[in-house]
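Structure, as structure tokens:
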């Protein structure tokens, strides 16, 4: 899977390595040197959430982010997306405010020019007033062109930011959905429904036949219920 991601690196933003639970011995695969070396040099951010609270693997150490469970990995990604969405919104607001300030400044300068021209026009002869009127007309046309162009640019920038932001968010939401499906598939309830069972005695999980106290009954947990069994 890692090699496939590397071969199609432009299609991904982050790599999430998770595990649905299991014994301590099951995490030995995450201490593999070749895998750890590949992850340490991987060009994308790597989040490791192999679901073991007490033991730390080499993969936890070389990953960019290490969390305890697959659920924590999903929560971390969601939190990053929320922060990214907020950052994009702040940038969009900043761009809009900056453009609005520029437009207001230009409007003020143009207003001053118009007032000066209006004052000068009163001092000139009829012919000069005609020329000033023409200049005034050209100036107004230029003003409207500037304002129209600025308005179009503002709309374009806002639309582009909005489109890219929503596209990025939608992409990450789809990735989160896939992660949540994977986490659900690897949950204990799902594992039990696929035919696996859990053995408990004195409210403790039994991982070996040798661990069963034959003088006491024990419980076998199935996907649709549990049953009490006598050791003898």
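Throughout, read-outs are computed from the coordinates displayed, never taken from laboratory work. No experiment lies behind these values; they were computed from the predicted model shown. Cβ atoms come from the backbone with ideal geometry, glycine included; neighbour counts cover every protein chain shown.
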* Structure fact -> When the chain is treated as a Gaussian network with springs between alpha carbons less than 10 Å apart, the largest mean-square fluctuation among 74, 40, 211 is found at 211
* **Contour minus Cα-Cα distance for residue 106 and residue 92 (0.36 nm per residue)** => 2.9 nm
* Structure fact -> Most exposed first, judged by fewest Cβ atoms within 10 angstrom, 180, 170 run 170, 180
* **Modelled FRET efficiency - R0 22 Å, residue 184 with residue 219, Cβ distances, 0.05 increments** => 0.35
